[in-house]
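**Q** Input: one structure, supplied below.
Bear in mind these aren't lab numbers, they're just calculated from the coordinates by the rules spelled out. Remember, it's a predicted structure, so these values are computed and weren't measured experimentally. No Cβ is skipped: glycine too gets one built from the backbone with ideal geometry, and neighbour counts run over all protein chains shown.
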Amino acid sequence: MKIQIIIATIALSVAAVNFSGCKKEEPAPAAVEAPKPSDTMATEPAKVVEPARPAVAKEVVDDAANQANAEKAQSQSMIDKAKSYFADQKYQDALTTISQLSASKLTPDQQKLVDALKAQIQNAMVKASASDAASALGGALGGKK
């Protein structure tokens, strides 16, 4: 029973100390504010990117336009070459040149020109082969002397 009294006394003493005026009030820790990015930091990249964006876009557009003009000029050069072969009656060379154009991007006007030239070359080849056959036949039959 002595032990129970001792335990009860200790428990009461601890409770009395806890509830007594030994309360030391500590000030609450000051809220530490995290450094906020300044407004200028947020707009600095935009100041760099915004002027560069139109310049880059213009450069890309200019490159694409230059490439398209180069392709158009190259296609036109091949069309002119095919016309030259046609004028020299080198029909097979002209047809080969025209067939190389099929892999190129042609403008609608160039495509019409190529189609018309191809038809002219094929007609000329048919006429040439018919006249060659007629002359060969005439020579074999002992044509006019």
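**Q** Count the net charge of all other residues whose Cβ sits under 14 Å from the Cβ of A119, scoring Lys and Arg as +1 and Asp and Glu as -1.
**A** Numbers: positive: K83, K112, K118, K127; negative: D115.
Residues near A119 contribute +3 overall.
**Q** Compute the signed sum of charges (Lys and Arg +1, Asp and Glu -1) over the other residues within less than 14 Å, Cβ to Cβ, of S77.
**A** Result for the local shell: +1.
**Q** So, in nm, how far is label D62 from label T96 when the simple model puts each one 7 Å beyond its Cα toward the Cβ?
**A** 4.0 nm
**Q** To make sure I understand, if each residue's beta carbon is the centre and we count other beta carbons within 10 Å, what order do K118, K58 fall in, fewest to most?
**A** K58, K118
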